[in-house]
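This report refers to the structure that appears directly beneath it.
All of the numbers you see were taken from the coordinates with simple rules; none came from a lab. This structure is a prediction, so every number in the text was calculated from the model and none was measured. As a convention, Cβ positions derive from the backbone with ideal geometry for all residues, glycine included, and neighbour counts pool all protein chains shown.
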Amino acid sequence: MKQIAIRASALTRQFSSVRALNDLTIEVPAGVVFGFLGPNGSGKTTTIRLLLNLIEPTGGSAEVLGFDTRTHGHEIRSRCGALLEHSGLYERLSAEDNLRFYGRVAHMTERAIMVRGRSGPRGKRSVSSRRSGSCAGRA
């Protein structure tokens, strides 16, 4: 029996009135080089974010390396990596709010999130309260 690296069944993601991914069903065998190709807006980034459990599906199911994406996102992210086109920061949130959000996604304690957030270079002006979209050096 072949091992499956990625399995999705009727995977769907709806954002308000936009269906970004519609009933994706796919199996990718382990050891295969696989990429998502398509025009802007075709659901590539949404699919990757769903497979890494960075966002929740509105329908269907998926497994990566045998782990259910809804319940084992941490295990999946600890074994996989992805370089997405955008930084993933929510530009309307402050830097601190982004840290809190991604810290919670990574199942960090509130204390660990705040310690990490305060461990930046000394003498630098804090940008933690500024919106991420206004900070220099963003992608």
So for R0 = 25 Å, FRET eff. of Leu83-Phe15 from the Cβ-Cβ r, to 0.05, ends up at 0.65
Under 5 Å from the placed amide H of Ala5, counting only residues 5+ away or on other chains, we find Val28, Ala30
So for the range 48-87, using the alpha carbon gyration tensor with a ≥ b ≥ c as root eigenvalues (a/c under 1.5 gives rounded; past that, a/b versus b/c decides prolate or oblate), I'd call it oblate
Mean projected area, convex hull of alpha-carbon positions in the range 4-79, reported to one decimal in nm², is 4.9 nm²
1/(1 + (r/R0)^6) with r = Cβ-Cβ of Ala30 and Val115, R0 = 35 Å, i.e. FRET efficiency to nearest 0.05, evaluates to 0.40
Between Thr71 and Glu56, the two model label points (7 Å from Cα along the beta-carbon direction) sit apart by a distance in nm of 1.5 nm
Phi angles of the range 13-23, converted by Karplus (6.51 cos²θ - 1.76 cosθ + 1.60, θ = phi - 60°) into ³J(HN,Hα) in whole Hz with x for Gly and Pro, give 9, 10, 10, 6, 8, 9, 8, 7, 9, 10, 6
